[in-house]
Amino acid sequence: MLLKSKEQVEEFIKERNIQHFEAEEFLCKCGCGKVLIESQLITTLEALREHIQKPVVITSAYRCPSWNKQVGGVSSSAHTRGLAVDIECTNSKDRYLILKFLLSRGVERIGIGRNFVHFDLDDEKPSPRVWHYYYEKR
């Protein structure tokens, strides 16, 4: 279910007894106050947090088109449609645990960055896919 307001996200979190996340974490980081988030992302994040027994820090969820452009996101970004989240991840052990968990939950689109893991539920894009954001100069 696509949640389209902060109030809807707050209500979903309360109804589902989500313990480790607040609605503010899913708002666009530009400060516009807009939010659009697939509820399955929230329940997956909560289950991940319970599984790894460590805080899960959301670095990017919904992005308004303006913010998406500013941060260098592609125009077809799943973030702009509320279908993606990025979470902080700074070491290989946690990266492995997160990847293993997401795959066990049937997540089929995962991106690996140096300090984050992206996952999305965008069924308009090819899947299954795991990719990286490491662009090294040669």
Would you check which residues across the range 1-28 are part of a loop (DSSP other than H, G, I, E, B) and either among the hydrophobic types (A, V, I, L, M, F, W, C) or more than 13 Å from G82 (Cα to Cα) (or both) and list them?
-> M1, R16, N17, I18, Q19, H20, F21, E22, L27, C28
Residues in the range 94-116: is at least one touching a residue at least 24 places away in the same chain (Cβ under 8 Å), surrounded by 20 or more Cβ atoms within 10 Å (Cβ to Cβ) and either farther than 26 Å from H20 by Cβ or in contact with a Gly (Cβ under 9 Å, 6 or more places away or on another chain) (or both)?
-> no
Return the pairs, sorted by first residue and then second, in which the second residue is among the aromatic types (F, W, Y) and surrounded by 14 or more Cβ atoms within 10 Å (Cβ to Cβ), the first residue lies in the range 65-88 and is touching a residue at least 60 places away in the same chain (Cβ under 8 Å), the beta carbons are less than 8 Å apart, and the residues are 6+ apart or on different chains.
-> G82/Y62
Evaluate the following for R63: is it surrounded by 19 or more Cβ atoms within 10 Å (Cβ to Cβ), of a type in the set (K, R), in contact with a Pro (Cβ under 8 Å, 6 or more places away or on another chain) and modelled with pLDDT of 95 or more?
-> no
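The values are calculated or read from the model by the stated rules, or taken from the named source; none is laboratory data. Note that the structure is a prediction, hence the values are computed from the model and not measured. So basically every Cβ, Gly included, is an ideal-geometry build from the backbone, and we count neighbours across all protein chains shown.
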